[in-house]
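A.B. asks: Can you read through this structure? Questions will come right after.
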Amino acid sequence: MNKSVVGQKRLPGDLAIWIFILAELTVFAALFIVFSVSKSLNVEMFAEGQATLHPLMGLINTLSLITSSFFVAKSVLFASQGQLAKSAQWVWIGIATASIYIVTKFIEYQSLMALGYNLRTNIFYTLYFFITFFHFMHVLMGIVILIVVANKARKGGYESDITGVETGASYWHMVDMVWVVLFPLIYVIK
Amino acid sequence: MQLTSRKLTGTWLLLIALTLTSAGLGSLELSEELLVFLVLLTVLIKNYQIIDVFMELKNAPLLWRGLMQCFTLFIVVAVGVTLII
């Protein structure tokens, strides 16, 4: 983004990322619908499966991703004001906050697997592990993108154009949006 | 609307409050239909806030803001309908 066009109607970030985001949301939408339909067809199995999950960990993950998204949004604000060092700092804080999600997810996977649950246990666990791990991979990819953005911002790489910061942030917010649907679907609605 | 730090903080607090509300709803003795409706309503509000404020699409061309909002609405309605029916 050129700083001189602040205030005009404009699409933040690169056009390609928005096409990619819509494609990603389409895939996740299909997975959510498959989960919902399977739940409706296997009410008891899903209730038993959901009872083995850890709602507190799901809540911690949601708070972690929302807060990380907030910090990354702050970094875009600082970048738009030309404060690139501060922008990089907030991206790093966002990454650190998201690492809570990674640790919590590992603990949850480990505790479920220790109890003998895995992808082959039944359709609930197949979908639970598949959908959450697919999202987990997106979080990892988002973190890699944010590391690249933070490093470039620290070196003053976005002095005349912050499109790169906005692009990375938009992808990160999409990852957050997906978890906002996943959390209640898997942990809350029983 | 020019994005400000205050607006971002307000949105973050709203998202946290809605998340805690949504988690709390799961422990109440509500009918399945009401639980699904209320929880998905919080999802819709949260994602619209993320789209408008964090993604800064409130000031984007209508096509992109509309696409993202319609997509979120589609996901919420599709999940809600399949869970209730």
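The values are calculated or read from the model by the stated rules, or taken from the named source; none is laboratory data. Just so we're clear, the structure is a prediction, and the values are computed from it rather than from any experiment. With ideal geometry, Cβ positions are generated from the backbone for all residues, glycine too; neighbour counts draw on all protein chains shown. Just the protein is used for accessible areas: all its heavy atoms, side chains included, with ligands, DNA and RNA removed. Shrake-Rupley method; radii C 1.70, N 1.55, O 1.52, S 1.80 Å.
A.B. asks: If you wrap segment A:109-185's Cα atoms in a convex hull and average its projection over all directions, what's the area in nm²?
C.D. replies: On the way: hull surface 24.7 nm².
Mean projected area for segment A:109-185: 6.2 nm², to one decimal.
A.B. asks: Once Lys and Arg get +1 and Asp and Glu get -1 on their Cβ, which of A:Ile147, A:Leu63, B:Leu35 lies farthest toward the positive end of the dipole of the protein assembly as shown?
C.D. replies: Result: A:Ile147.
A.B. asks: About the Cα centre, and with charges only on the beta carbon of Lys, Arg (+1) and Asp, Glu (-1), how big is the dipole of segment B:16-84? Nearest 20 debye, please.
C.D. replies: 280 debye
A.B. asks: When the accessible area of segment A:125-185 is computed with all protein chains present and a 1.4 Å probe, what percentage of it is carbon and sulfur? Could you put the intermediate results ahead of the total?
C.D. replies: Working: 1340 of 1930 Å².
Answer for segment A:125-185 is 69 percent, counting heavy atoms of protein chains only.
A.B. asks: Obtain the radius of gyration and the Kirkwood radius of segment A:43-106 from its C-alpha atoms and give Rg over Rh. Don't jump to the answer; show the numbers that get you there.
C.D. replies: On the way: Rg = 16.5 Å, Rh = 13.2 Å.
Ratio of gyration radius to Kirkwood radius for segment A:43-106: 1.25.
A.B. asks: How big is the Rg/Rh ratio for segment A:62-137, C-alpha atoms only, Rh by Kirkwood, two decimals? Display every interim value, and only then the final one.
C.D. replies: Working: Rg = 16.9 Å, Rh = 14.1 Å.
A ratio of 1.19.
A.B. asks: Please report, in debye to the nearest 20, how large the charge dipole of chain A is about its Cα centre when each Lys and Arg carries +1 at its beta carbon and each Asp and Glu carries -1 there.
C.D. replies: Working: 12 positive and 9 negative charges, 80 e Å.
In debye, rounded to 20, chain A gives about 380.
A.B. asks: Between A:Ala85 and B:Ile84, what's the calculated FRET efficiency when r is the beta-carbon distance and R0 is 51 Å? Round to 0.05.
C.D. replies: Details: r = 50 Å, r/R0 = 0.99.
Once rounded, the FRET efficiency stands at 0.50.
A.B. asks: Give me the log10 of I(q) over I(0) for segment B:1-70 at q = 0.14, 0.16, 0.23, 0.26 Å⁻¹, as the Debye formula computes it from C-alpha points; what are the numbers?
C.D. replies: With one equal scatterer per Cα and no solvent, log10 I(q)/I(0) is -0.51, -0.63, -0.96, -1.08.
A.B. asks: For A:Lys105, give me every one of the lysines with a C-alpha distance below 30 angstrom, ignoring sequence neighbours fewer than eight places off in its own chain.
C.D. replies: Hits, sequence-local ones excluded: A:Lys39, A:Lys74, A:Lys86, A:Lys152, A:Lys190, B:Lys46.
A.B. asks: Let me check something: with ligands and nucleic acids excluded, how do A:Tyr117, A:Tyr187 order by accessible area (1.4 Å probe), largest to smallest? The partial results should precede the final answer.
C.D. replies: Values: A:Tyr117 60, A:Tyr187 10 Å².
The most accessible residue leads, giving A:Tyr117, A:Tyr187.
A.B. asks: Would you mind computing Rg(Cα) / (2.2 N^0.38 Å) for chain A, counting N as its residues? Spell out each step's value before the answer.
C.D. replies: On the way: Rg = 18.5 Å, N = 190, 2.2 N^0.38 = 16.2 Å.
Ratio of Cα Rg to 2.2 N^0.38 Å: 1.15.
A.B. asks: Right, another one. Considering the dipole of the protein assembly as shown built from charges on the beta carbon (Lys and Arg +1, Asp and Glu -1) around the Cα centre, which of A:Gly94, A:Gly164, B:Thr72 is farthest to its positive end?
C.D. replies: Farthest towards the positive end: A:Gly164.
A.B. asks: Give me the aspartates and glutamates in straight-line cross-link reach of B:Lys7: C-alpha distance below 12 Å, same-chain residues under 8 apart excluded.
C.D. replies: B:Lys7 reaches B:Asp52, B:Glu56.
A.B. asks: May I pose another question? Let me check something: with ligands and nucleic acids excluded, how do B:Lys58, A:Lys155 order by accessible area (1.4 Å probe), largest to smallest?
C.D. replies: Details: B:Lys58 90, A:Lys155 155 Å².
Highest to lowest solvent-accessible surface, that is A:Lys155, B:Lys58.
A.B. asks: Moving to a separate point now. Please report, in whole Å, how far the alpha carbons of segment A:1-111 spread along each principal axis, starting with the longest.
C.D. replies: Extents along the principal axes: 58, 28, 18 Å.
A.B. asks: Please give the total accessible area that chains B and A bury against each other, computed with a 1.4 Å probe and expressed in Å² to the nearest 100. Numbers along the way, then the final one.
C.D. replies: Values: alone 6040 and 9650 Å², together 11880 Å².
Accessible area lost upon association: around 3800 Å².
A.B. asks: Sticking with this one: Tell me the per residue accessible area of segment B:16-84 using a 1.4 Å probe; a whole number in Å² is fine. Show your work: numbers first, answer last.
C.D. replies: Details: 3060 Å² over 69 residues.
Here the residues of segment B:16-84 average 44 Å² of exposed surface.
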